[in-house]
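To keep things clear, I will list the structure first and then write my remarks on it.
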Amino acid sequence: MAGGKIRKEKPSRGGAAGSSNHYQGGIQFHKSKGQHILKNPLLVDSIIQKAGINSTDVILEIGPGTGNLTKKLLEAGKSVVAVELDPRMVLELQRRFQGTPHSNRLKVIQGDVLKCDLPYFDICVANIPYQISSPLTFKLLNHRPVFRCAVIMFQREFAMRLVAQPGDTLYCRLSVNTQLLARVSHLLKVGKNNFRPPPKVDSSVVRIEPRKPAPSVNFKEWDGLVRICFTRKNKTIGAIFKQKRVLSILEKNYKTLQALQTSQGNGNQVVTDASVLGDAGELTMETDENDDGDDDDDDMEMDDGEANGSDFKEKVLGVLRQGKYEEKRSSKLAQADFMHLLSLFNQAGIHFS
C-alpha cells in the first residue's frame with residue numbers, strides 16, 4: 001500500500017466500523033484507499049530473496065504500511081527510504097523502529113509517491129495501490145540515475161500485461177511501452193488471502209530491470225504511433241491507417257511541421273521524458289484494445305476517389321508498403337517492428353506528436 005490519493009471514508013450506518021475495515025496494531029485499514037498489508041511472513045521472505053538485495057544497496061520502499069516488509073529490507077540492505085501517504089502509517093513506522101539498530105538507516109517520506117521527488121536508490125520494492133500502477137511504473141523508469149531493478153506487487157492482470165509477448169491475448173500498448181524501457185519478468189503469483197484485508201483480485205510480483213543505455217527514441221513520437229496501432233490491435237495496420245480520423249491527425253501534424261520547418265528551420269523536437277508513456281489521458285486517439293470488429297462512423301476508411309487528402313493517404317500507405325506492414329497486425333508486432341515503422345514514417349516526414 002502506498003502513494004495514491006486517500007479518499008474520505010463514508011461513515012457506516014449506526015456509526016459502527018464497516019466490515020471492510022481491518023486492524024493491525026490498533027490501526028484501521030481501508031480497502032478503498034488501497035491499503036492491503038502482507039500478512040504472510042513466508043511470502044515476505046520470498047520477495048526479499050527474489051529481489052537480490054546486496055548489503056550495500058539503498059532500497060526505495062513504496063507503501064511500507066506498518067513495516068512488516070520494511071524490517072526485512074533493513075536487515076538485507078544498507079538503508080531504506082520509505083514513501084508513505086498515510087500519516088498514521090508514518091507514525092507507526094517511526095514508533096516500530098525507534099530505539100532499534102535499524103532506526104538510523106530508515107528514512108520515511110510522507111507524501112504522494114507520484115508527486116514526490118525520489119532520491120537516489122539502487123533497488124525498489126513496492127506493494128502499491130493498484131490504481132497508480134501505470135503512472136508509478138513509468139515514473140520509476142524515468143528516474144535518474146537509473147536504478148538496478150524494481151520488484152513490485154501488481155494486480156495480476158496488470159502484471160501479465162507487463163510481461164505479455166507479441167501474439168499473447170493480453171499484449172497491448174502497456175506491454176510495448178514498458179518493454180521498450182525495461183526487461184520485465186514474472187516472479188510470483190500471490191493469492192488474495194495473503195493480505196489483510198484481502199483484495200478482490202489476485203496479485204503478482206514482477207521484476208523490472210531498466211535497459212542500459214535507455215533506447216534512443218523520441219518517446220512522444222513512439223507513444224503516438226503505438227496508441228494508433230493499438231486502437232484496434234487485431235486489425236491490419238493498413239486498415240488502421242486508412243481510417244479518416246487517423247489520416248486527419250497525421251496530415252495535420254505533417255502540415256504543421258512543414259510550416260514550422262519553413263518558418264523557423266526547426267525539426268521535430270526530441271522528447272526524452274519517458275513518463276509520457278504512462279499517460280492514460282490526453283490520448284491522440286481513443287484506444288480500444290479489445291477489437292470487437294464493429295466500426296463506427298469515425299473508423300470509416302477514406303475512399304481512394306476523395307480528392308481531399310487522397311495524396312497524403314497514398315503517402316502513408318506507401319510507407320506501410322515499403323516496410324511490408326500493410327497486412328500485419330499490431331498484436332503480432334515486436335519492439336523492433338514498431339521502431340522500424342516509426343523510422344520509416346519519420347523519414348517520410350510523417351510524425352505523431
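Quick note: the coordinates plus some simple rules give every number you see, no bench work behind them. Bear in mind the structure is a predicted one, so any value in this text is a computation, not a measurement. As a convention, Cβ positions derive from the backbone with ideal geometry for all residues, glycine included, and neighbour counts pool all protein chains shown.
Which order do peptides 337-350, 54-67 fall in by mean Cβ count within 10 Å, highest first? Walk me through the intermediate numbers first.
On the way: 337-350: 17.0, 54-67: 21.6.
Descending packing order for the listed peptides: 54-67, 337-350.
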(message) Taking a ≥ b ≥ c as the square roots of the Cα gyration tensor eigenvalues, with a/c under 1.5 meaning rounded and otherwise prolate when a/b beats b/c, else oblate, which class fits the range 106-193?
(response) prolate
(message) If you average the C-alpha positions of the range 220-246 and of the range 308-353 separately, how far apart do those two centres end up, in angstrom?
(response) 9
(request) Indicate the gyration tensor shape class of the range 178-243 (rounded, prolate or oblate), computed on the Cα atoms with a ≥ b ≥ c the square roots of the eigenvalues: a/c under 1.5 is rounded; otherwise a/b larger than b/c is prolate and the rest oblate. (result) oblate
(message) Given axes a ≥ b ≥ c from the Cα gyration tensor, I'd like to know whether the range 72-116 is rounded (a/c under 1.5), prolate (a/b larger than b/c) or oblate.
(response) oblate
(request) In nm, give the distance between the simple-model label positions of Ser310 and Lys189, each being 7 Å from the Cα along the Cα-to-Cβ direction. (result) 5.5
(message) So the label point goes 7 Å from the Cα of Lys255 along Cα→C-beta, right? Which residues of the range 212-244 then have their backbone N under 18 Å from it?
(response) 243-244
